[in-house]
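One structure below.
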Amino acid sequence: MPLVNWLKRHFVVIAGLLTLGYLLLPNVVVTVFSFNKPKGRFNYEWQQFSTDAWQDPCGVAGLCGSLSLSLQIAIWATLGATLLGTMIAFALVRYRFRARGAVNSLIFLPMAMPEVVMAASLLTLFLNLGAQLGFWTILIAHIMFCLSFVVTAVKARVMSMDPRLEQAAQDLYAGPAQTFLRVTLPIAAPGIAAGALLAFALSFDDFIITNFNAGSTVTFPMFVWGSAQRGTPVQINVIGTAMFLVAVLLVLTSMVVGNRRNKQKA
């Protein structure tokens, strides 16, 4: 009975830890196998501890080139989707215009539509326009499907804003530009940052839409998929582990900065 009562009291915590462990398990496996030295072409079975792949992460031809290309596309797609998505979100929340309801509904279509359908539709569009498949078609496609996620994140933040704060700034003789830069933008910044991070992750990780509209261009997810057919190099695990550690470091840094700001305000 004491054990049952203890489990009841801590059920939510235990469930949360198990879920977190389940989510992090693939990252742990990738990290462990980044120190493996496989005997064959496939890095699926543990053979021997080695740091050779960490010492030469670009040892596989085309790996770092595809990684650089994916990072470039993700950065530009994030900037484009965040800029357009933020303006669309403010327009949908702050202004009343014809077909506003229809625009609200259409914004969610890329999120609900299967990726393969969107990829085929974009490919048909580019071919009919005579566009050469490559960097720019991938970038346009990524901005398009990331846009919906940015609009959703920013729109939720803008809807929760108290309009009286902006009115108070105007009462203190702040102009439209000052009000936006010193009041509106700082309040909306968490939503904008969340949308930007989501857009970056989606763009960098995308395979289906990219594969349809890439032509001969090879991004990092496409390189990983192609390598899996011939043999998975350990360097792929190294890159994955490094990106995971960078993401964790960014999250921890933001938490520390946020806690310091809260303590200063208190």
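The values are calculated or read from the model by the stated rules, or taken from the named source; none is laboratory data. Keep in mind that what you see is a predicted model, and the values were worked out from it rather than measured. Cβ atoms come from the backbone with ideal geometry, glycine included; neighbour counts cover every protein chain shown. The protein model used for the area step is the full one, side chains on, heavy atoms only, and it has no ligands, DNA or RNA in it. Shrake-Rupley method; radii C 1.70, N 1.55, O 1.52, S 1.80 Å.
Here are the numbers:
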quantity: Identified option (computed log10 I(q)/I(0) by the Debye sum over Cα atoms at q = 0.08, 0.14, 0.15 Å⁻¹; candidates [x] -0.48, -1.14, -1.21; [y] -0.41, -1.01, -1.14; [z] -0.34, -1.01, -1.14); calculated: [x]
quantity: Mean separation of Cα contacts under 8 Å (6+ apart) over length of the chain, as relative contact order %; calculated: 32 percent
quantity: Where labels lie 7 Å past Cα in the beta-carbon direction, separation of Ala201 and Leu24 in nm; calculated: 1.5 nm
quantity: Rounded percent of accessible protein surface that carbon and sulfur make up, region 120-216, 1.4 Å probe; calculated: 67 percent
quantity: Extension gain, Val251 back to Arg41 (0.36 nm per residue minus Cα-Cα distance, nm); calculated: 72.1 nm
quantity: Lys/Arg +1, Asp/Glu -1 at C-beta; the chain dipole; positive extreme among Phe220, Gly231, Ala74; calculated: Ala74
quantity: Neighbour net charge for Asp52 - beta-carbon separation under 14 angstrom, K R +1, D E -1; calculated: +1
quantity: Mean residue ellipticity (222 nm) of the chain, computed from DSSP H runs ≥ 4 via -39,500 (n - 2.57), nearest 500; calculated: -24500 deg cm²/dmol
quantity: Neighbour-limited loop hits for trypsin sites (Lys or Arg not before Pro), region 24-99 (at most 12 other Cβ within 10 Å; DSSP other than H, G, I, E, B); calculated: Lys39, Arg41, Arg96, Arg98
quantity: For region 73-121 versus region 1-44, the gap between their alpha-carbon centres in whole angstrom; calculated: 36 Å
quantity: Sum of side-chain charges, Cys146 neighbourhood, beta-carbon under 13 Å (Lys, Arg +1; Asp, Glu -1); calculated: -3
quantity: Free-standing Cys residues across the chain, given no other cysteine C-beta under 4.7 angstrom; calculated: Cys146
quantity: Nearest-20 debye value, the chain charge dipole, Cβ charges on Lys, Arg, Asp, Glu; calculated: 840 debye
quantity: Under the span-like rule (Cα at least 15 Å along the axis, Kyte-Doolittle mean at least 0.0), DSSP H helices of the chain; calculated: 11-33, 63-94, 115-129, 135-159, 185-205, 220-230, 234-265
